[in-house]
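See structure below.
The values are calculated or read from the model by the stated rules, or taken from the named source; none is laboratory data. Note that this is a predicted model, so its numbers are computed, not measured. Note that we place each Cβ from the backbone using ideal geometry, even for glycine, and neighbour counts take in every protein chain shown.
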Amino acid sequence: MKKNKVTGKEHDIIESFNYAIDGIFEAIRTEKHMKFHGFISVIAVIVSIFSEMSKYEILALILSITMVWVAELFNSSIEAIVDMITAQYHPLAKKAKDIAAGAVLITGINAIVVAYVIFERRVSFYLNDSFSILKKSFQNSLVIILVIITILVILIKKYYKKGRPLRGGLPSGHSALGGMAFTAITFLTDSSKVFYLAMILLVLVMQSRVEGKIHNIKEVVLGAILGIGITYLILISLGF
């Protein structure tokens, strides 16, 4: 077993992997650029799964993603070392950080070029095909709207830093989904009775969130407006 010169602790190869994994997650947790790279990498992988890619395209994609991650990890490490050595401005410190950032930029540009070459035709085809499917299928459109509203609610809550992603905060997710259901029902029927019944159900959802002291009136009203607005705009744009 070897002794780590920094921690002074002995560790085997398993612990070496643990330290490496901890380093990756620490970079993701503390570096906003790593969060962005992680998000883009997940999107690229998901798209590639549903695409008929050759083995060379897969290798090019994997290599490009890996290069960006490695460059960003080295960049973060160099920045941490420089900041540890000196808190004052120094031309050499600036030079080290700028060069490391330049490496990230080069690998990022390479990844964009590779992604464009691989996905350009596929994405155009899938977008056109998906739009046609949505225009023909009301239920598929509602699934997409559900996903969009859920993501928007979580992002808005994160922005205002109030409540948890799935509980409390601004806006009310339940009211937003209730507004979505209310709007969808109005598109499906011309009956005034059904319309008012759907409205009553939406009000009851909003009232239950306020009565349960999970949201205030402002949060449920804005949630309902968000759900109604997004659903209406998307369904109208799709020609329903």
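Assorted remarks:
- Yes/no for VAL153 being crowded, with 16+ Cβ neighbours inside 10 Å and under 23 Å from SER237 (Cα atoms): yes
- Taking residues in segment 32-51 that are part of a loop (DSSP other than H, G, I, E, B), and partners anywhere that are hydroxyl-bearing (Ser, Thr, Tyr), the pairs with Cβ atoms closer than 9 Å and at least 6 places apart or on different chains are PHE50/TYR126; SER51/TYR126.
- Meets criteria (more than 28 Å from the chain's Cα centre (by Cα) and either in a helix (DSSP H, G or I) or among the hydroxyl-bearing types (Ser, Thr, Tyr) (or both)) for LEU235: no
- Only listed residue being surrounded by 13 or more Cβ atoms within 10 Å (Cβ to Cβ) and not aliphatic (A, V, I, L, M), chosen from THR30, THR66, THR86: THR66
- Residue match in segment 7-18 (condition: modelled with pLDDT under 80, surrounded by 13 or more Cβ atoms within 10 Å (Cβ to Cβ), over 18 Å from ASN110 (Cα atoms) and not assigned by TED's automatic domain parsing to the domain that holds GLY102): yes
- Taken over segment 122-150, the criterion of being of a type in the set (Val, Ile, Thr), exposed (fewer than 14 other Cβ atoms within 10 Å of the Cβ) and modelled with pLDDT under 75 is satisfied by ILE133 alone.
- Restricting attention to segment 209-221, the residues that are in a helix (DSSP H, G or I), surrounded by fewer than 19 Cβ atoms within 10 Å (Cβ to Cβ) and in contact (Cβ under 8 Å) with a residue 24 or more places away in the chain add up to 2.
- Scanning segment 157-169 for residues that are assigned to a loop (DSSP other than H, G, I, E, B) and closer than 15 Å to LYS213 by Cβ yields LYS162, GLY163, GLY168, GLY169.
- VAL47 fulfils the conditions (1) surrounded by fewer than 16 Cβ atoms within 10 Å (Cβ to Cβ); (2) assigned by TED's automatic domain parsing to the domain that holds ASN110 except for a single criterion, (1).
- Positions within segment 188-215 being polar (S, T, N, Q) and at pLDDT below 90, in sequence order: THR189, SER191, SER192
- Residues located in segment 25-65, provided they are among the aromatic types (Phe, Trp, Tyr) and within 13 Å of the chain's Cα centre (by Cα): PHE36, PHE39
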